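Chemist: Attaching a single structure in structure tokens format; questions to follow.
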There are 2 protein chains.
Amino acid sequence: MALEGASRHDRRAADTAPKPLAAPDALRVWLRFVRLNRRLHGAMTAELKAARLSISQFDLLSTLSEAEGLSQQDLADRLYVTKGNVSGLVDRLVASGLVERRPLAGDRRSHALCLTALGRETVGRGLAIQRTYVSRTLGALAPADIAALDRVLGAWRDRLRQDGSGSGRKSKGG
Amino acid sequence: MALEGASRHDRRAADTAPKPLAAPDALRVWLRFVRLNRRLHGAMTAELKAARLSISQFDLLSTLSEAEGLSQQDLADRLYVTKGNVSGLVDRLVASGLVERRPLAGDRRSHALCLTALGRETVGRGLAIQRTYVSRTLGALAPADIAALDRVLGAWRDRLRQDGSGSGRKSKGG
DNA sequence: TTGCGATAGTTTGCATCTAAACGATCATCC
DNA sequence: GGATGATCGTTTAGATGCAAACTATCGCAA
């Protein structure tokens, strides 16, 4: 296994003499990122239990609360999941009385998804939990750190967009 | 968490919105983090297809490759998943000929999990894919950015540890 | 009008994950 | 030695995810 991946800045570093000071190994940072995400996912799952919501359900409901009347396909696009997944998710949310499927005039294939009163109340609790948790954890870091994180995550995302190969869902005509 | 495109609805709000503040809203950075992770997960899933591995399988195998002979419970602890999950995961890896369950002298309840020759070869390919992908994306950022990310992620993780409530798996002498 | 491709949603089969119940084994205390 | 509780792995039920096949409907063109 010879470091085939380490090319990019090694080349630069080879040109200019000085060794990158305490060169942070990208792979190590990657692993730290992945582990942190696992922690956050677990923590958020636990937090949202107080509202009897799973993360998936909360994601769907909070998206709906910002744009009521979306179709399942719209929702699938926004949530980066398949429409088959949304189908079952909505089924369960309808069964729980949090969401309604309303017939859509002009297209009998799709429905307009709307929150019920209970759904609105529930997602409100979820959003409060999210706000509280994020403030308590990420929000407790130094503002400069939060700003730095924001900036680097943006740069990383831009790099992924360039790379292209990722997140390739069925977008048509982008 | 999702809150993807602030589509047509929010255009009004955007007009009246003041200015990007010096201190970025933690919630916004949180959402950026979550979305970026989704992208990375999808991209890595696609990359690992070349080695015919799922992310879960790769995680398990790469952990085993660093500490061969672990029990399923050990693995569950390291991977932050339940032992029931590991049970099925190992079943399928054994069926694929990548992992072996060896009887453990002194404890007939557990097995020592070992990579087969094929397993070692496969995880090697997976690791190469991972290295390459990480170098190409995260590794392409400025070293200072990677270092900043590393530092802030560490601070965030420390904050989570203080917070305690998260990632609450059965810790026993971890 | 008729036909055909595109789109929305459902369904199926499978992988992954949790929580919880269960069986086997181990460790310990009496 | 024997009861008892802890630990390991398995199993079950159910939620979540994908891919792909399928149904119904829509849009468009001939």
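The values are calculated or read from the model by the stated rules, or taken from the named source; none is laboratory data. As the structure is a prediction and not an experimental result, all values here were calculated from the model. No Cβ is skipped: glycine too gets one built from the backbone with ideal geometry, and neighbour counts run over all protein chains shown. Just so you know, the surface numbers come from the protein's heavy atoms only, side chains and all, with ligands and any DNA or RNA stripped out. Shrake-Rupley method; radii C 1.70, N 1.55, O 1.52, S 1.80 Å.
Chemist: Looking at (1) within 12 Å of DNA strand D (Cβ to nearest atom); (2) surrounded by 15 or more Cβ atoms within 10 Å (Cβ to Cβ); (3) more than 11 Å from chain B (Cβ to nearest Cβ), can you tell me which one A:PRO103 breaks?
Modeler: Among (1) within 12 Å of DNA strand D (Cβ to nearest atom); (2) surrounded by 15 or more Cβ atoms within 10 Å (Cβ to Cβ); (3) more than 11 Å from chain B (Cβ to nearest Cβ), A:PRO103 violates only (2).
Chemist: Looking at (1) within 27 Å of B:ALA128 (Cα to Cα); (2) at the interface with chain B (Cβ under 7 Å from one of its Cβ atoms); (3) at pLDDT below 95, which is the one condition that is false for A:ALA2?
Modeler: Just one mismatch for A:ALA2, condition (2).
Chemist: When you look at B:LEU115, is it more than 7 Å from chain A (Cβ to nearest Cβ), open to solvent by less than 20 Å² (accessible area, probe 1.4 Å) and touching a residue at least 12 places away in the same chain (Cβ under 8 Å), yes or no? Quick ask: steps written out before the conclusion?
Modeler: Working: more than 7 Å from chain A (Cβ to nearest Cβ): yes; open to solvent by less than 20 Å² (accessible area, probe 1.4 Å): yes; touching a residue at least 12 places away in the same chain (Cβ under 8 Å): yes.
When the stated conditions are applied, B:LEU115 passes them.
Chemist: Of the residues B:SER71, B:SER62, only one is among the small types (Gly, Ala, Ser) and either within 14 Å of chain A (Cβ to nearest Cβ) or near DNA strand C (Cβ under 8 Å from one of its atoms) (or both); which?
Modeler: B:SER62
Chemist: Now for a separate question. Go through (1) modelled with pLDDT of 95 or more; (2) crowded, with 17+ Cβ neighbours inside 10 Å; (3) within 30 Å of A:LEU149 (Cα to Cα) for B:ARG38 and report which single condition fails.
Modeler: Here B:ARG38 meets the rest and fails (1).
Chemist: Do you know which residues across the range B:88-100 are open to solvent by 40 Å² or more (accessible area, probe 1.4 Å) and of a type outside the set (Gly, Ala, Ser)? Even if it seems obvious, please write down each step before you answer.
Modeler: If we filter the range B:88-100 for residues that are open to solvent by 40 Å² or more (accessible area, probe 1.4 Å), which is where we start, we get B:91-92, B:94-96, B:100.
Hits for the range B:88-100 are B:ASP91, B:ARG92, B:VAL94, B:GLU100.
Chemist: Considering only residues of the range A:118-145 that are at the interface with chain B (Cβ under 10 Å from one of its Cβ atoms) and loosely packed, with under 15 Cβ neighbours inside 10 Å, which is farthest from B:LEU149 (Cα to Cα)?
Modeler: Here the answer is A:ARG131.
Chemist: Which of (1) open to solvent by 40 Å² or more (accessible area, probe 1.4 Å); (2) away from DNA strand C (no atom under 16 Å from the Cβ); (3) at pLDDT below 95 does A:PRO24 not meet, given it meets every other one?
Modeler: Of everything listed in (1) open to solvent by 40 Å² or more (accessible area, probe 1.4 Å); (2) away from DNA strand C (no atom under 16 Å from the Cβ); (3) at pLDDT below 95, A:PRO24 misses just condition (1).
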